[in-house]
1. Taking only the range 281-304 into account, find how many residues are in contact with a strand residue (DSSP E or B) (Cβ under 8 Å, 6 or more places away or on another chain) and within 26 Å of SER318 (Cα to Cα).
2. Tell me which of these ALA94 doesn't satisfy, since it passes every other one: (1) more than 20 Å from the chain's Cα centre (by Cα); (2) over 23 Å from ALA170 (Cα atoms).
3. Within the range 189-204, work out how many residues are open to solvent by less than 10 Å² (accessible area, probe 1.4 Å) and touching a Ser or Thr at 6+ places or on another chain (Cβ under 9 Å).
4. If only one of ALA141, ALA148 is in a loop (DSSP other than H, G, I, E, B) and either surrounded by fewer than 18 Cβ atoms within 10 Å (Cβ to Cβ) or among the aromatic types (Phe, Trp, Tyr) (or both), which one is it?
5. Looking only at residues in the range 249-306 that are part of a strand (DSSP E or B) and hydroxyl-bearing (Ser, Thr, Tyr), which one is most open to solvent (accessible area, probe 1.4 Å)?
6. State all residues of the range 307-322 that are touching a residue at least 40 places away in the same chain (Cβ under 8 Å) and surrounded by fewer than 18 Cβ atoms within 10 Å (Cβ to Cβ); if no residue qualifies, say none.
7. Could you list, in sequence order, all residues of the range 233-248 that are part of a loop (DSSP other than H, G, I, E, B) and buried (at least 17 other Cβ atoms within 10 Å of the Cβ)?
8. From the residues in the range 29-68 that are among the polar types (S, T, N, Q) and under 21 Å from the mean Cα position of the chain (by Cα), which one is modelled with the lowest pLDDT?
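The values are calculated or read from the model by the stated rules, or taken from the named source; none is laboratory data. From a predicted model like this one, the values you see are computed outputs, not experimental measurements. All Cβ positions, glycine included, derive from the backbone under ideal geometry; neighbour counts span all protein chains shown. The protein model used for the area step is the full one, side chains on, heavy atoms only, and it has no ligands, DNA or RNA in it. Shrake-Rupley method; radii C 1.70, N 1.55, O 1.52, S 1.80 Å.
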Amino acid sequence: MPLSYFQGLTHSAAGSWFFDGITVGLFRTDRSLVQKAQAPSALTPDLTAQGFNHIGDMTWDAREGGRLLLPLECYVPGQPNAGNTCGRGAIAVADPATLELRYAVALDPAEIAKAMWAEVAPGGAELWTSSGRDLLAYDLAAVAPGAAAPLRPVRRLAGAVPPAGVTGAAFYRGRLFLAGQDAGALQLWSVDVTGAMPPVLELELPGVAAESEGLDFLDARGGVLHWLLSPFPPGGAKPTYGTGHSELLSFVPAADARLRVRVTPARLIAGRTTRVIVTVTERYAGRVHRVEGARVSAGAAHALTAADGTAHLRVRRSSPGALGVTATKQRLVAGQRSVTFVRG
(Lines give C-alpha, C1' and ligand atoms only; values in the text may rest on other atoms or scores of the structure.)
Protein backbone atom coordinates (compact mmCIF):
# COMPACT_ATOMS: atom_id res chain seq x y z
CA MET A 1 0.00 0.00 0.00
CA PRO A 2 1.18 3.59 -0.52
CA LEU A 3 2.93 4.96 2.55
CA SER A 4 0.37 7.78 2.64
CA TYR A 5 -2.27 5.15 3.54
CA PHE A 6 -0.77 5.15 6.99
CA GLN A 7 -3.05 5.67 9.98
CA GLY A 8 -6.50 4.23 9.48
CA LEU A 9 -9.13 2.85 7.16
CA THR A 10 -12.89 2.41 6.90
CA HIS A 11 -15.51 1.79 4.23
CA SER A 12 -18.87 3.20 3.19
CA ALA A 13 -22.12 1.36 2.59
CA ALA A 14 -21.64 2.03 -1.13
CA GLY A 15 -18.40 0.04 -1.11
CA SER A 16 -15.68 2.68 -1.19
CA TRP A 17 -12.63 2.31 1.00
CA PHE A 18 -11.10 5.31 2.80
CA PHE A 19 -7.57 5.70 4.17
CA ASP A 20 -5.83 8.51 6.05
CA GLY A 21 -2.18 9.47 6.54
CA ILE A 22 0.60 10.08 6.77
CA THR A 23 -0.77 12.55 9.32
CA VAL A 24 -3.61 14.64 7.80
CA GLY A 25 -4.31 13.23 4.32
CA LEU A 26 -7.57 11.57 3.21
CA PHE A 27 -7.89 9.12 0.32
CA ARG A 28 -10.77 7.22 -1.28
CA THR A 29 -10.40 4.01 -3.30
CA ASP A 30 -12.69 1.39 -4.76
CA ARG A 31 -12.70 -2.15 -3.37
CA SER A 32 -9.85 -3.04 -5.71
CA LEU A 33 -7.78 -0.27 -4.04
CA VAL A 34 -7.77 1.94 -7.14
CA GLN A 35 -7.56 5.52 -5.83
CA LYS A 36 -10.51 7.71 -6.83
CA ALA A 37 -9.98 10.89 -4.76
CA GLN A 38 -7.45 12.48 -2.43
CA ALA A 39 -7.07 15.41 -0.05
CA PRO A 40 -3.40 15.45 0.98
CA SER A 41 -4.10 18.03 3.70
CA ALA A 42 -7.66 17.53 4.93
CA LEU A 43 -7.67 19.71 8.06
CA THR A 44 -8.96 23.27 7.90
CA PRO A 45 -6.81 26.24 9.04
CA ASP A 46 -8.92 26.77 12.16
CA LEU A 47 -8.19 23.22 13.31
CA THR A 48 -4.47 23.43 12.63
CA ALA A 49 -4.41 26.76 14.48
CA GLN A 50 -5.69 24.87 17.54
CA GLY A 51 -2.75 22.49 17.24
CA PHE A 52 -4.54 19.53 15.64
CA ASN A 53 -2.16 17.82 13.24
CA HIS A 54 -2.99 14.10 13.34
CA ILE A 55 -5.94 12.01 12.12
CA GLY A 56 -6.28 8.55 13.68
CA ASP A 57 -8.25 5.47 12.66
CA MET A 58 -11.50 6.89 11.27
CA THR A 59 -15.01 5.51 10.80
CA TRP A 60 -17.99 5.97 8.47
CA ASP A 61 -21.50 6.95 9.54
CA ALA A 62 -24.77 7.02 7.57
CA ARG A 63 -26.00 10.34 9.00
CA GLU A 64 -26.11 13.47 6.82
CA GLY A 65 -26.20 11.34 3.68
CA GLY A 66 -22.96 9.65 4.70
CA ARG A 67 -20.00 11.13 6.53
CA LEU A 68 -16.48 10.31 7.64
CA LEU A 69 -15.71 10.80 11.33
CA LEU A 70 -12.06 11.69 11.89
CA PRO A 71 -10.52 11.43 15.38
CA LEU A 72 -8.07 14.29 15.96
CA GLU A 73 -5.14 14.86 18.26
CA CYS A 74 -2.13 17.16 18.61
CA TYR A 75 1.03 15.11 18.32
CA VAL A 76 4.64 16.27 18.02
CA PRO A 77 7.23 13.53 18.67
CA GLY A 78 9.75 14.39 21.37
CA GLN A 79 7.62 17.04 23.03
CA PRO A 80 6.52 16.86 26.69
CA ASN A 81 3.39 14.99 27.70
CA ALA A 82 4.28 12.13 25.30
CA GLY A 83 4.07 14.54 22.40
CA ASN A 84 0.51 15.65 23.16
CA THR A 85 0.91 19.39 22.70
CA CYS A 86 -2.70 20.51 23.24
CA GLY A 87 -4.17 17.95 25.64
CA ARG A 88 -7.53 17.59 23.93
CA GLY A 89 -9.28 15.69 21.16
CA ALA A 90 -11.98 16.35 18.59
CA ILE A 91 -14.06 14.60 15.95
CA ALA A 92 -13.94 16.19 12.51
CA VAL A 93 -16.64 15.38 9.95
CA ALA A 94 -15.70 15.05 6.27
CA ASP A 95 -17.68 14.57 3.09
CA PRO A 96 -16.95 11.05 1.72
CA ALA A 97 -17.42 12.24 -1.87
CA THR A 98 -15.25 15.39 -1.88
CA LEU A 99 -13.15 14.54 1.23
CA GLU A 100 -13.66 18.15 2.36
CA LEU A 101 -14.27 18.89 6.04
CA ARG A 102 -17.77 19.98 6.98
CA TYR A 103 -17.24 20.84 10.66
CA ALA A 104 -15.67 19.53 13.87
CA VAL A 105 -16.87 18.98 17.43
CA ALA A 106 -14.70 19.20 20.53
CA LEU A 107 -14.45 16.45 23.13
CA ASP A 108 -14.34 17.40 26.81
CA PRO A 109 -10.63 17.33 27.78
CA ALA A 110 -11.58 16.36 31.32
CA GLU A 111 -12.66 12.99 29.88
CA ILE A 112 -10.19 12.47 27.03
CA ALA A 113 -6.84 14.10 26.22
CA LYS A 114 -6.66 12.99 22.57
CA ALA A 115 -8.75 11.04 20.05
CA MET A 116 -6.66 8.31 18.42
CA TRP A 117 -9.47 6.24 16.88
CA ALA A 118 -13.25 6.21 16.51
CA GLU A 119 -15.76 3.53 15.57
CA VAL A 120 -19.51 3.66 15.07
CA ALA A 121 -21.37 0.92 16.95
CA PRO A 122 -23.89 -1.36 15.24
CA GLY A 123 -27.20 0.46 15.09
CA GLY A 124 -25.50 3.83 14.71
CA ALA A 125 -26.35 5.26 18.14
CA GLU A 126 -22.88 5.38 19.72
CA LEU A 127 -19.39 6.42 18.75
CA TRP A 128 -16.63 4.55 20.59
CA THR A 129 -13.06 5.57 21.35
CA SER A 130 -10.67 5.25 24.30
CA SER A 131 -8.97 7.32 26.96
CA GLY A 132 -6.09 5.62 28.73
CA ARG A 133 -7.31 2.15 29.78
CA ASP A 134 -11.00 3.05 29.48
CA LEU A 135 -13.36 2.68 26.53
CA LEU A 136 -15.69 5.64 25.98
CA ALA A 137 -18.98 5.86 24.09
CA TYR A 138 -20.42 9.16 22.82
CA ASP A 139 -23.93 9.93 21.64
CA LEU A 140 -23.52 9.90 17.87
CA ALA A 141 -26.49 12.22 17.38
CA ALA A 142 -24.57 14.87 19.34
CA VAL A 143 -21.84 14.90 16.68
CA ALA A 144 -23.63 17.61 14.73
CA PRO A 145 -23.08 21.12 13.37
CA GLY A 146 -23.17 23.85 15.98
CA ALA A 147 -22.47 21.66 19.00
CA ALA A 148 -22.11 24.32 21.68
CA ALA A 149 -20.16 22.54 24.41
CA PRO A 150 -17.44 19.88 24.28
CA LEU A 151 -19.01 16.42 24.15
CA ARG A 152 -18.95 14.18 27.20
CA PRO A 153 -19.20 10.38 26.97
CA VAL A 154 -22.52 8.71 27.70
CA ARG A 155 -20.79 5.46 28.73
CA ARG A 156 -17.40 4.51 30.13
CA LEU A 157 -16.04 0.97 30.44
CA ALA A 158 -13.28 1.35 33.01
CA GLY A 159 -10.20 -0.78 32.38
CA ALA A 160 -11.69 -2.38 29.25
CA VAL A 161 -8.76 -1.57 26.95
CA PRO A 162 -6.81 -4.84 26.37
CA PRO A 163 -3.13 -5.22 27.29
CA ALA A 164 -2.13 -4.51 23.67
CA GLY A 165 -3.68 -1.04 23.75
CA VAL A 166 -5.56 0.38 20.77
CA THR A 167 -4.36 1.75 17.43
CA GLY A 168 -7.49 0.92 15.46
CA ALA A 169 -10.91 -0.62 15.93
CA ALA A 170 -13.91 -2.09 14.14
CA PHE A 171 -17.10 -3.91 15.12
CA TYR A 172 -17.69 -7.48 13.96
CA ARG A 173 -20.63 -9.66 14.93
CA GLY A 174 -21.49 -7.33 17.79
CA ARG A 175 -18.03 -7.25 19.39
CA LEU A 176 -15.54 -4.39 19.26
CA PHE A 177 -12.24 -5.60 17.80
CA LEU A 178 -9.17 -3.64 18.92
CA ALA A 179 -5.73 -3.77 17.30
CA GLY A 180 -2.56 -2.91 19.20
CA GLN A 181 0.92 -3.95 20.26
CA ASP A 182 1.63 -2.39 23.66
CA ALA A 183 2.26 -5.89 25.04
CA GLY A 184 4.96 -6.57 22.42
CA ALA A 185 3.54 -8.72 19.63
CA LEU A 186 0.87 -7.43 17.25
CA GLN A 187 -2.44 -8.49 18.79
CA LEU A 188 -6.13 -8.27 18.04
CA TRP A 189 -8.60 -8.44 20.93
CA SER A 190 -12.39 -8.38 20.93
CA VAL A 191 -14.46 -6.72 23.63
CA ASP A 192 -18.12 -7.11 24.53
CA VAL A 193 -19.16 -3.48 25.03
CA THR A 194 -22.13 -4.57 27.14
CA GLY A 195 -19.58 -5.76 29.70
CA ALA A 196 -21.26 -9.16 29.99
CA MET A 197 -18.38 -11.19 28.53
CA PRO A 198 -14.61 -10.99 29.08
CA PRO A 199 -12.24 -9.79 26.33
CA VAL A 200 -10.88 -12.41 23.92
CA LEU A 201 -7.48 -12.56 22.23
CA GLU A 202 -8.55 -13.26 18.64
CA LEU A 203 -5.27 -13.00 16.73
CA GLU A 204 -1.56 -12.63 17.39
CA LEU A 205 1.33 -12.14 14.96
CA PRO A 206 4.49 -13.06 16.87
CA GLY A 207 7.69 -12.22 15.05
CA VAL A 208 6.07 -9.69 12.69
CA ALA A 209 7.96 -6.38 12.85
CA ALA A 210 5.62 -3.53 11.93
CA GLU A 211 3.57 -0.80 13.58
CA SER A 212 -0.11 -1.50 14.18
CA GLU A 213 -2.49 1.04 12.67
CA GLY A 214 -6.15 0.88 11.60
CA LEU A 215 -8.69 -1.93 11.29
CA ASP A 216 -11.73 -2.65 9.14
CA PHE A 217 -14.19 -5.48 8.47
CA LEU A 218 -15.36 -5.83 4.88
CA ASP A 219 -15.88 -8.79 2.55
CA ALA A 220 -13.22 -7.78 0.02
CA ARG A 221 -9.85 -8.79 -1.43
CA GLY A 222 -9.92 -12.35 -0.14
CA GLY A 223 -10.77 -11.63 3.49
CA VAL A 224 -13.16 -10.04 5.98
CA LEU A 225 -10.71 -8.50 8.45
CA HIS A 226 -8.20 -5.97 7.13
CA TRP A 227 -5.35 -4.70 9.31
CA LEU A 228 -3.21 -1.77 8.21
CA LEU A 229 0.46 -1.87 9.26
CA SER A 230 3.17 0.75 8.76
CA PRO A 231 6.90 -0.04 8.30
CA PHE A 232 8.03 1.55 11.57
CA PRO A 233 8.08 -1.19 14.22
CA PRO A 234 8.73 -0.14 17.82
CA GLY A 235 12.38 -0.46 18.74
CA GLY A 236 13.63 0.09 15.22
CA ALA A 237 13.60 -3.56 14.10
CA LYS A 238 13.84 -4.37 10.41
CA PRO A 239 10.27 -4.26 8.99
CA THR A 240 8.97 -7.69 8.06
CA TYR A 241 7.29 -6.46 4.89
CA GLY A 242 9.97 -4.01 3.78
CA THR A 243 10.27 -0.22 3.85
CA GLY A 244 8.76 2.64 1.87
CA HIS A 245 5.16 1.40 1.93
CA SER A 246 2.36 0.36 4.26
CA GLU A 247 0.96 -3.17 4.34
CA LEU A 248 -2.65 -4.35 4.36
CA LEU A 249 -3.10 -7.83 5.83
CA SER A 250 -6.40 -9.62 5.17
CA PHE A 251 -7.79 -12.48 7.25
CA VAL A 252 -10.71 -14.90 7.33
CA PRO A 253 -12.12 -16.68 10.40
CA ALA A 254 -10.05 -19.76 11.21
CA ALA A 255 -13.10 -21.98 10.85
CA ASP A 256 -13.42 -20.87 7.20
CA ALA A 257 -9.73 -20.90 6.29
CA ARG A 258 -9.85 -23.96 4.03
CA LEU A 259 -9.30 -24.08 0.28
CA ARG A 260 -11.57 -26.18 -1.90
CA VAL A 261 -10.46 -27.70 -5.19
CA ARG A 262 -12.39 -28.78 -8.28
CA VAL A 263 -10.69 -30.35 -11.32
CA THR A 264 -12.18 -30.78 -14.79
CA PRO A 265 -12.08 -33.22 -16.37
CA ALA A 266 -11.71 -35.58 -13.43
CA ARG A 267 -11.21 -38.77 -15.48
CA LEU A 268 -8.28 -38.94 -17.89
CA ILE A 269 -6.66 -41.45 -20.20
CA ALA A 270 -3.43 -42.99 -18.93
CA GLY A 271 -0.41 -42.39 -21.15
CA ARG A 272 -1.77 -39.13 -22.58
CA THR A 273 -0.84 -35.56 -21.62
CA THR A 274 -4.05 -33.70 -20.90
CA ARG A 275 -4.81 -30.11 -19.94
CA VAL A 276 -7.00 -29.82 -16.85
CA ILE A 277 -8.65 -26.76 -15.30
CA VAL A 278 -8.27 -26.45 -11.54
CA THR A 279 -10.70 -24.13 -9.73
CA VAL A 280 -9.86 -23.04 -6.17
CA THR A 281 -12.54 -21.56 -3.91
CA GLU A 282 -13.06 -20.69 -0.26
CA ARG A 283 -16.32 -20.23 1.60
CA TYR A 284 -16.56 -17.41 4.15
CA ALA A 285 -18.89 -14.50 4.98
CA GLY A 286 -21.80 -16.70 3.88
CA ARG A 287 -20.74 -17.21 0.28
CA VAL A 288 -18.21 -18.94 -1.96
CA HIS A 289 -15.23 -16.88 -3.15
CA ARG A 290 -12.86 -17.73 -5.97
CA VAL A 291 -9.26 -17.57 -4.76
CA GLU A 292 -6.61 -15.68 -6.71
CA GLY A 293 -2.91 -16.43 -6.24
CA ALA A 294 -3.22 -19.98 -4.91
CA ARG A 295 -0.38 -22.34 -5.90
CA VAL A 296 -1.76 -25.42 -7.60
CA SER A 297 0.39 -28.56 -7.94
CA ALA A 298 -0.14 -31.94 -9.59
CA GLY A 299 2.97 -34.08 -9.80
CA ALA A 300 5.62 -31.96 -11.54
CA ALA A 301 3.10 -29.43 -12.86
CA HIS A 302 2.57 -26.12 -11.02
CA ALA A 303 0.62 -22.91 -11.63
CA LEU A 304 -0.97 -19.94 -9.84
CA THR A 305 -4.69 -19.28 -9.98
CA ALA A 306 -5.86 -16.17 -11.83
CA ALA A 307 -8.44 -13.64 -10.62
CA ASP A 308 -11.23 -16.09 -11.51
CA GLY A 309 -9.69 -18.73 -9.25
CA THR A 310 -8.63 -21.03 -12.09
CA ALA A 311 -5.30 -22.47 -13.18
CA HIS A 312 -4.42 -24.66 -16.14
CA LEU A 313 -2.13 -27.69 -15.77
CA ARG A 314 -0.83 -30.22 -18.24
CA VAL A 315 -0.76 -33.58 -16.47
CA ARG A 316 0.23 -37.11 -17.41
CA ARG A 317 0.36 -40.53 -15.78
CA SER A 318 1.76 -43.50 -17.64
CA SER A 319 -0.42 -46.08 -15.92
CA PRO A 320 -3.96 -46.15 -14.54
CA GLY A 321 -4.43 -44.72 -11.05
CA ALA A 322 -4.94 -41.49 -9.15
CA LEU A 323 -2.96 -38.24 -9.27
CA GLY A 324 -3.30 -35.79 -6.39
CA VAL A 325 -3.95 -32.09 -7.02
CA THR A 326 -3.13 -29.69 -4.17
CA ALA A 327 -3.83 -25.97 -3.71
CA THR A 328 -2.03 -23.81 -1.11
CA LYS A 329 -2.01 -20.12 -0.19
CA GLN A 330 -0.49 -18.30 2.78
CA ARG A 331 -1.71 -19.87 6.05
CA LEU A 332 -4.94 -21.28 4.65
CA VAL A 333 -5.57 -25.01 5.03
CA ALA A 334 -4.54 -26.70 1.78
CA GLY A 335 -7.20 -28.05 -0.53
CA GLN A 336 -6.81 -31.44 -2.18
CA ARG A 337 -8.48 -33.38 -4.96
CA SER A 338 -7.43 -36.25 -7.19
CA VAL A 339 -7.96 -37.09 -10.85
CA THR A 340 -8.27 -40.66 -12.07
CA PHE A 341 -6.38 -42.04 -15.02
CA VAL A 342 -8.01 -45.00 -16.78
CA ARG A 343 -6.97 -47.27 -19.62
CA GLY A 344 -7.67 -45.91 -23.09
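1. Residues that pass the stated criteria total 9.
2. All conditions pass for ALA94, except number (2).
3. Number satisfying all stated conditions: 0.
4. Exactly one of ALA141, ALA148 is in a loop (DSSP other than H, G, I, E, B) and either surrounded by fewer than 18 Cβ atoms within 10 Å (Cβ to Cβ) or among the aromatic types (Phe, Trp, Tyr) (or both), namely ALA148.
5. Applying the first criterion (part of a strand (DSSP E or B)) to the range 249-306 yields 249-251, 258, 260-264, 267-269, 274-284, 287-290, 295-298, 301-304.
Pick out the ones that are also hydroxyl-bearing (Ser, Thr, Tyr) and you get 250, 264, 274, 279, 281, 284, 297.
On the way: SER250: 50, THR264: 67, THR274: 35, THR279: 9, THR281: 23, TYR284: 7, SER297: 30 Å².
By that ranking, first place goes to THR264.
6. Filtering the range 307-322 down to residues touching a residue at least 40 places away in the same chain (Cβ under 8 Å) leaves 314-321.
ARG314, ARG316, SER318, SER319, PRO320, GLY321 - these are the residues of the range 307-322 that are touching a residue at least 40 places away in the same chain (Cβ under 8 Å) and surrounded by fewer than 18 Cβ atoms within 10 Å (Cβ to Cβ).
7. Restricting attention to the range 233-248, the residues satisfying the condition of being part of a loop (DSSP other than H, G, I, E, B) are 233, 237-246.
Within the range 233-248, PRO233, PRO239, SER246 meet the criteria.
8. Looking at the filtered set, the residue picked out is SER32.
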